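In what follows, a structure is listed as structure tokens, so that the remarks can point back to it.
The values are calculated or read from the model by the stated rules, or taken from the named source; none is laboratory data. Computed from a prediction, not measured in an experiment: that's the story for all the values here. Cβ coordinates were reconstructed from backbone atoms using ideal geometry, including for glycine residues, and neighbour counts include every protein chain displayed.
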Amino acid sequence: MDLCNTKAPQTHTLTEQIAQEVFEVLPERGPILVIMDRDGNYWPSHPEEFAGLGVDETLLRDLRGKVDDGVEPVITQIGETSLTIAQLATEQTNCGYVVVVLPRYTPESTLTHIDLVEAMLNEISLIARLVEKTRVLTQGHMNHYNGLAFSVN
């Protein structure tokens, strides 16, 4: 029996699970985070507030394109809000992107605090790696127990 014979998790489902885990530890009045998969589906930590910012799909697609071209992190401004976007990846999976949305910040003030923003991005990547490892271990255990069930029958 091959315990390492696990199915690679679907990226969409993995990205959504990462978003759920990240949002659980965010403070209620913290920054808005948006986790996006490679197809442009996204999960904002504060959906109502994010919707009120007027961030459109075209802008998100353009920002994802810049990250895919190797520019990272990308910092931009929409009205009085600063957006920082970076790739969200683990050792095995390119999960998509993470956006840190800072209302009432300019790109200059974001750059002043870029160490904190990058620390947050790194912590989100760590959560993503842990979620992925947990899924792989769970699938390995399921394969193992399914193999035992078949060998007993």
Within region 71-91, of all residues that are polar (S, T, N, Q) and over 16 Å from Glu49 (Cβ atoms), the one surrounded by the most Cβ atoms within 10 Å (Cβ to Cβ) is Thr84
Among the residues that make up region 98-106, is at least one of them assigned to a helix (DSSP H, G or I) and out of contact with any Phe, Trp or Tyr (no Cβ under 8 Å at 6 or more places or on another chain)?
no
Please determine, by comparing only the residues of region 50-93 that are of a type in the set (D, E, K, R) and assigned to a loop (DSSP other than H, G, I, E, B), which one is modelled with the highest pLDDT.
Asp69
Are there any pairs, at least 6 apart or on different chains, whose C-beta atoms fall under 7 Å, with the first in region 39-61 and touching a residue at least 12 places away in the same chain (Cβ under 8 Å) and the second of a type in the set (S, T, N, Q) and not in a helix (DSSP H, G or I), and if so, which?
Leu53/Thr81
When both residues are 6+ apart or on different chains and their Cβ atoms are under 6 Å apart, which pairs have a first residue that lies in region 19-31 and is closer than 13 Å to Ala128 by Cα, and a second that is at pLDDT 90 or above and of a type in the set (A, V, I, L, M)?
Ala19/Ile35; Glu21/Ile127; Glu21/Val131; Val22/Ile124; Val22/Ile127
Hey, among the residues in region 92-139 that are among the basic types (Lys, Arg) and either touching a strand residue (DSSP E or B) at 6+ places or on another chain (Cβ under 8 Å) or surrounded by 14 or more Cβ atoms within 10 Å (Cβ to Cβ) (or both), which one's nearest to Glu72 (Cα to Cα)?
Arg129
